[in-house]
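The values are calculated or read from the model by the stated rules, or taken from the named source; none is laboratory data. Quick caveat, the model's predicted, so the values are computed rather than measured. So basically every Cβ, Gly included, is an ideal-geometry build from the backbone, and we count neighbours across all protein chains shown.
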Amino acid sequence: MNASGDHQELDRLSADLAGVLGRIGLDPAAGRSERRERIDTRFAAAAARHAGRVAAQDGEGASTYLELDWLADDVARRLSGRAGPGAAVAVRVRRSHVSAAAVVGVMRAGAAVLPLESGHRAGLQEFMMREAGVEMVVSDGVLLRDEVPVAKTGRFVIAVRPRVRAVCEIGPGAAFVALPAGGEPGRAAGVRVVSHLDVLAWVDAVVPLLEAGPYDVWASFHSMSLEVGMREPWGPLLSGGRMVVAGREAAGDAGAFVRLLAGHGVTVLTQLPSAFARLTQAALGSTLPSLRHVLLAGEPVEGGVVARWRESGIAPAAVVRDVSGSPAVL
């Protein structure tokens, strides 16, 4: 018997087990409660419970929880040694059934996510990346000048950028980096940090209130560069639900979005009040019988729009709530 070899094998197995337990917040060594208060850790736990269920879908396809988890692992591995705690990684991907994997992968590497849209002006993107000290980018489209690809996984390309010193301090609890609320691109004092706790506090307030679970269907409408968009995906993805991602057409055409809601039997809808006003106008004469909850956040709510929605009978079973602060029925 090779005692040394057996010990090495046991050490390897112990390390593998510790890694798995740590990913789902069950690391017995230390930091158990801290690890549970991370989006990526909570997603790993949801993926373990709901592996074969569809997590996200769009007009092109769908991904199960297990598929998103595997892709997130690949992203994290390719960022290993290049990004980690205290760093921000730009995620410039279009909204799709796999985009959440890029976000979870960056978080799993220990870094914060700077969400960018390919439609954002190059100057705005450069401003935000300089402020956040971004040296790594995950993209599924065209790279900017000075971004050099170093790896690829699925549809995502991992690229490096010239080294720069961050203006914004990014702690280990940072989940996202964003412009200040109401900040004017290029004139803002600097980017701000949105923590894992900020996002999870919203999820933990809303999901139990709605009694949402694996059989709920949530719409994903907003850009993740908006704070409401940073929160929106995690309602379904941390509760085992299915997220239906609005593509470019549905996000830009209220009528197409109404058809998406009806066609997929969406039960939970999150909206900026301004987007909800457009949706209400476009949905007049239509019915959304599956819709149970409408969550308004990010802007002041106009009572007249809510009254018009209710009087129109668009979604007779839906309860409308303002969830910008403590959830309140409207």
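So the values come out like this:
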| item | result |
| --- | --- |
| Inter-residue pairs, beta-carbon under 9 Å, first basic (K, R) and in the stretch 189-215, second part of a loop (DSSP other than H, G, I, E, B) and at pLDDT below 95, 6+ apart | R192/C168; R192/L179; R192/P180; R192/A181; R192/G183 |
| Residue selected from the stretch 209-232 under the condition among the acidic types (D, E) and within 14 Å of the chain's Cα centre (by Cα), by the criterion surrounded by the most Cβ atoms within 10 Å (Cβ to Cβ) | E232 |
| Residue satisfying all of: in the stretch 136-153; without any contact (Cβ under 8 Å) to a residue 24 or more places away in the chain and part of a loop (DSSP other than H, G, I, E, B); surrounded by the fewest Cβ atoms within 10 Å (Cβ to Cβ) among these | R145 |
| Check on L296, under 30 Å from D69 (Cα atoms) and at pLDDT 90 or above | yes |
| Per-region count, the stretch 107-125, residues without any contact (Cβ under 8 Å) to a residue 40 or more places away in the chain and either surrounded by fewer than 17 Cβ atoms within 10 Å (Cβ to Cβ) or aromatic (F, W, Y) (or both) | 3 |
| Hey, G133 surrounded by fewer than 22 Cβ atoms within 10 Å (Cβ to Cβ) and touching a residue at least 12 places away in the same chain (Cβ under 8 Å) or not | yes |
| The stretch 162-176 residues that are assigned by TED's automatic domain parsing to the domain that holds E135 and outside any strand (DSSP E or B), paired with ones that are surrounded by fewer than 19 Cβ atoms within 10 Å (Cβ to Cβ) and hydroxyl-bearing (S, T, Y) (beta carbon under 6 Å, 6 or more apart) | G173/S195 |
| From A328, A283, residue being in contact (Cβ under 8 Å) with a residue 24 or more places away in the chain and either over 28 Å from A201 (Cα atoms) or over 23 Å from the mean Cα position of the chain (by Cα) (or both) | A283 |
| Residue check for L284: among the aliphatic types (A, V, I, L, M) and surrounded by fewer than 18 Cβ atoms within 10 Å (Cβ to Cβ) | yes |
| Lone qualifier among G235, G255 - being outside the structural domain of A62 (by TED's automatic domain parsing), surrounded by fewer than 16 Cβ atoms within 10 Å (Cβ to Cβ) and among the small types (G, A, S) | G255 |
